[in-house]
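Below is one structure; the comments refer to it alone.
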Amino acid sequence: MTRSTAANYPIDREELLRIRQIKLLTSDRDYVFFALQIDYPGKLNPTIEVSVFCERWDLDDGDFYKALGELRKKGIVASIANSLNLQFQPS
């Protein structure tokens with residue numbers, strides 16, 4: 001039996017911004033999830049400067065916090081501290 005070789009499709013900041021701009025990704029929750037994965041790969045509890053993150057990803061602060069709340073409801077984000085030290089659930 002042969003193993004198929006899976007091609008990787010890396011998504012960087014520019015690609016994620018493009019995908020959002022052409023409206024292939026319309027959910028702020030999903031957008032924030034991928035943006036966090038790009039900015040903090042492999043980190044389970046990153047400290048985030050909200051204004052810098054939102055400016056970098058062209059997000060309103062309110063949309064960012066709403067997306068985090070939705071990620072928490074889905075069990076992706078374990079807790080949101082006052083200083084935004086996020087803790088992700090390990091997969």
Only one of these conditions is not met by R20: (1) loosely packed, with under 14 Cβ neighbours inside 10 Å; (2) touching a Phe, Trp or Tyr at 6+ places or on another chain (Cβ under 7 Å); (3) among the charged types (D, E, K, R). Which number is it? (1)
Looking at the range 41-59, which of the residues that are of a type in the set (A, V, I, L, M, F, W, C), part of a loop (DSSP other than H, G, I, E, B) and more than 18 Å from D12 (Cβ to Cβ) is modelled with the highest pLDDT? I48
Filter the range 17-42 down to residues that are basic (K, R) and more than 12 Å from the chain's Cα centre (by Cα) and give me whichever is farthest from G75 (Cα to Cα). R18
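The values are calculated or read from the model by the stated rules, or taken from the named source; none is laboratory data. Treat the numbers as computed from the prediction; the structure is a model and nothing was measured. For neighbour counting, all protein chains shown are included, and Cβ atoms are generated from backbone atoms with ideal geometry for every residue, glycine included.
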